[in-house]
Amino acid sequence: ANSTGSVHGTPYWMAPEVINESGYGRKSDIWSVGCTVFEMATGKPPLAAMDRVAAMFYIGAHRGLMPSLPDRFSSAAVEFVHACLTRNQHERPSALQLLDHPFVKGRQ
């Protein structure tokens, strides 16, 4: 955010709390990790079919469910991205918790 209070940057990787400016920190980066893994797997970030403003409103809306990785990916990968894209940052796993995830440890 800049001095006028508006959010800058690409919304496709922004956590809801960043878009809503409702207090963000390390857990916001976890959301971005999930978006990055999604993009590495599929070639595009979640919601890439939407334009930037539509994506920002969608992510910021509490009812907006984020897309899952397609079924062709391992259940560990699908679950990892889903965990990272937990809407409530207080329920979102920490980096330490994610280091113990089967997707990171290489166990299916």
- [ ] Taking 7 Å along the Cα-to-C-beta vector as the label spot, tell me the Arg26-Met40 distance in nanometres, rounded to one decimal.
- [x] 2.0
- [ ] Please work out how much length the chain gains when fully extended from His62 to Asn88, using 0.36 nm per residue of separation minus the C-alpha to C-alpha distance, in nm with one decimal.
- [x] 8.4 nm
Task: Dipole magnitude (debye, nearest 20) for region 11-105, charges at Cβ of Lys, Arg, Asp, Glu - done: 40
Task: Given charges at Cβ of Lys, Arg, Asp, Glu: the chain dipole, positive-most of Phe103, Ser22, Gly34 - done: Phe103
Open item on the list: Sorted from largest to smallest, which semi-axis lengths in Å does the alpha carbon gyration tensor of the chain give for its equivalent ellipsoid, taking the root of 5 times each eigenvalue?
Closed with: 24, 16, 11
Task: Percent RCO, i.e. relative contact order, over the chain, from Cα pairs under 8 Å lying at least 6 residues apart - done: 28
Task: Projected label distance in nm at Ala76 and Ala95, using a 7 Å step from Cα toward the beta-carbon - done: 2.1
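The numbers here are math on the coordinates, done by the rules we state, and not lab data. Since we're looking at a predicted model, the values are computed, not measured. With ideal geometry, Cβ positions are generated from the backbone for all residues, glycine too; neighbour counts draw on all protein chains shown.
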